[in-house]
Each structure stands twice: as C-alpha cells, then as structure tokens.
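First comes the structure, then the notes that go with it.
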Amino acid sequence: MSSNEKSAFGNTKPVIAIVGPTASGKTALSLRLAEKLPVEIVACDSRTIYRRMDIGTAKPSTEERAKVVHHLLDVADVSETYTVARYKEDAGRAIDDIHARGKIPIVCGGTGLYARALLEGLSIPEVPPNPTLRRQLNDFADLHGNEGLMARLAEIDPVTAGRLNVNDRFRVVRALEVSITLNKPFSQAATLKPAPYPTIWIGMGVSNRQYIKDLIETRLDEQIAAGLLDEVSSLLADFGQTRALMNAVPYKEVIAYLQGNSTLDQARQDALKHNYQLARRQIMWFRANEKTHWFNVDIEDRERIFSQVSELIDKKLLN
C-alpha cells in the first residue's frame with residue numbers, strides 16, 4: 001500500500017462488505033477487487049466454514065485462494081455446531097489482524113445474520129443452553145412436526161419466525177429457548193450497538209428473479225458434474241446426518257437421494273427450489289440495509305459493475 005493510500009484512510013479502519021443472494025457473483029467480484037486493492041477476504045457464509053463441504057457450497061477454489069488470503073473458511077468439522085457468536089468473535093479477530101497489517105478486509109458472503117452481527121452491531125443475547133427445555137421442544141416437534149414448532153414460535157415471535165426456515169429445527173428451537181428463558185421475543189432481546197467499523201456495503205442483486213434461478217440451475221449442474229454426489233457420500237459415511245449437512249442445500253437433498261428417499265431428478269428439483277427460496281430470503285434480508293449500494297447483475301455487464309464498484313470504493317475511502 002502506498003503512503004497516499006494510507007493517508008486516504010486516515011485513522012479509520014474500513015471494511016468492504018459484498019453481500020447478496022447465492023450465485024450472484026460475490027466471490028468473483030471480491031477476487032477482482034483483490035487485483036486492485038490491498039485486501040484480504042473474510043468469508044461470511046454459514047456453510048463454507050465447514051471443512052470438506054467444498055463443491056456444494058461453491059467454496060473458493062485452491063487457485064482462487066492462492067490469489068488472495070481468505071479467512072473463515074474450513075474452520076469447523078460438520079459434526080460441530082458453529083454459532084453466530086463464534087463467527088462474530090472469529091471474524092472480528094480476523095478483521096483486526098488484517099487492519100493491523102495495513103490491509104482492507106472484504107467481508108464476502110450471503111449469510112445475513114453473520115453480516116449483521118459482525119458489521120451492524122447486532123448483539124445476540126447470551127442465554128446458556130437449557131438441555132431440558134431443548135428436549136421438550138424437540139419432543140414437541142417430533143409429535144407435531146417442524147410446522148407445529150414454527151407455529152409455536154410464530155405465536156411468541158412472528159418477526160423471528162418470518163426470518164427462519166421451517167426445517168431449520170435447531171435455530172427455531174434456539175429462538176424459542178431464548179424467548180421462553182428471557183420471557184420476551186428473541187427479536188426484541190437482540191439489540192443493536194454502534195457499528196464497529198466504517199463499512200462500504202456492496203450488494204449484488206437482480207431486477208428479474210428468473211435470472212438468479214437460471215444462475216442457480218447452472219451452478220447446481222456444474223456441482224453435480226464436479227463430483228457433488230461423491231462429496232456428500234463421503235461426508236455422510238464419516239459423520240452421519242449432522243445438523244450442518246441436513247440444513248444445507250444441496251447436501252440434504254443429495255442425502256435423500258443417497259438413502260433411497262428420492263430419485264436423483266427429484267433431489268435436483270428440490271435443491272433448485274430450496275436454493276431459490278434461500279436466494280429470496282437473502283434478497284429480503286439485505287434489502288433492509290439502506291446503506292447498501294446495489295448493482296443488478298442481470299442488467300449490467302460484470303466488467304462495468306467492477307468499474308462502478310471500484311469507483312465507489314475509491315470515493316468512499318477518500319472521503
């Protein structure tokens with residue numbers, strides 16, 4: 001980094017955040033910026049944190065990682081439960097380390113809760129696990145289904161219920177656990193503190209959602225051709241049906257196929273549907289952040305988007 005660049009930053013320690021729905025090109029943009037700026041990348045994805053979940057998460061390749069240092073990839077086994085609080089601590093430490101070496105962190109990914117906790121000052125209440133209550137809630141779900149459990153959360157906290165996937169039983173149980181323990185909705189227990197870093201928010205969006213559907217389909221077919229089924233089979237053999245695998249698209253759908261509960265075509269169709277549902281939730285989540293500068297990948301050429309983003313970053317860093 002030149003002396004001029006250092007002075008442009010002043011005493012602030014900026015962060016660039018690249019967010020948006022799955023398959024929208026966030027990783028590609030971060031790698032292009034790494035060719036221009038002294039950056040390191042901090043992954044913001046609740047699936048790429050897991051070792052050996054590579055193909056199905058579209059994790060940056062070995063070649064891509066060789067171009068720029070990446071953080072928060074491959075930090076946990078799929079048998080572990082990796083929490084938002086742990087991500088916030090690990091990613092915050094990585095950002096501080098990057099800043100200390102005079103570089104700029106790019107936080108890149110599509111997990112909105114991670115991004116809010118890390119960059120927007122969202123503070124999640126620290127409520128110790130209650131094994132008895134968890135067991136009761138899981139027993140309730142076994143009896144009434146995940147839909148019944150979600151309906152129970154919706155009565156207590158409709159805001160959180162609207163943000164969660166009905167089949168993500170772990171997070172639904174946790175939201176109920178916190179709400180019942182604190183005697184207030186989980187969404188009200190979480191608080192916002194001042195943002196810890198001056199952040200330049202870049203959103204990769206679409207004006208026509210069919211475009212993102214097509215991108216998701218193309219990527220899934222590429223993942224299958226690259227060996228997705230073998231990857232899932234190996235993980236399943238070594239770890240079983242862990243929460244990390246069963247809550248991740250397309251892993252849970254491939255597991256259903258491998259266990260004879262669906263055809264390969266049905267697994268593919270389910271993965272496409274669930275990935276598109278994920279993309280819709282991601283779009284809604286990130287659209288709530290009014291500080292985000294959006295670039296529609298279905299309208300503008302990628303090279304043009306890179307130029308506009310570079311210009312925006314230069315302007316923000318000089319202000």
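Details
- Computed from Cα atoms, the angle from the helix 131-156 axis to the main principal axis of the chain rounds to 80 degrees.
- Computed about the Cα centre, the dipole magnitude for the chain is approximately 860 debye when only Lys and Arg (+1) and Asp and Glu (-1) carry charge, each at its Cβ.
- Our summary gives segment 131-189 a relative contact order of 31 percent, counting only alpha carbon pairs under 8 angstrom and 6 or more residues apart.
- 24 Å Cα-Cα reach of LYS88 towards lysines, excluding residues that sit fewer than 8 places from it in its own chain: LYS13, LYS26, LYS59, LYS103, LYS184, LYS193, LYS291
- Charged-residue dipole, Cβ positions (Lys, Arg, Asp, Glu), segment 171-249 about Cα centre, Debye nearest 20: 680 debye
- Exposure proxy shown here: for MET204, MET53, MET284, MET246, the number of other Cβ atoms within 10 Å sets the order, fewest to most, as MET284, MET246, MET53, MET204.
- Cα long-axis angle, helix 264-287 against the chain (0 to 90 degrees, to the nearest 10): 50 degrees
- In summary, the aspartates and glutamates within cross-link reach of LYS213, defined as a Cα separation below 14 angstrom excluding same-chain residues under 8 places away, comprise ASP221, ASP270, ASP298.
- Value of [θ]222 nm, deg cm²/dmol, for the chain, DSSP H segments ≥ 4, -39500 (n - 2.57) each, nearest 500: -17500 deg cm²/dmol
- Across the chain, the relative contact order, built from alpha-carbon pairs under 8 Å that are at least six residues apart, equals 26 percent.
- Mean separation of Cα contacts under 8 Å (6+ apart) over length of segment 167-319, as relative contact order %: 34 percent
- Tilt relative to the chain, helix 209-225 - C-alpha long axis, 0 to 90 degrees, to 10: 80 degrees
- Segment 131-189: C-alpha gyration tensor shape, a/c 1.5 cut-off, then a/b vs b/c: oblate
- Burial order of peptide ranges 104-112, 163-171 (average beta-carbon count within 10 Å, highest first): 104-112, 163-171
Computed from the coordinates by the stated procedures, all read-outs in this text should not be read as laboratory data. No experiment lies behind these values; they were computed from the predicted model shown. Note: ideal-geometry Cβ built from the backbone for every residue, glycine included; neighbour counts use all protein chains shown.
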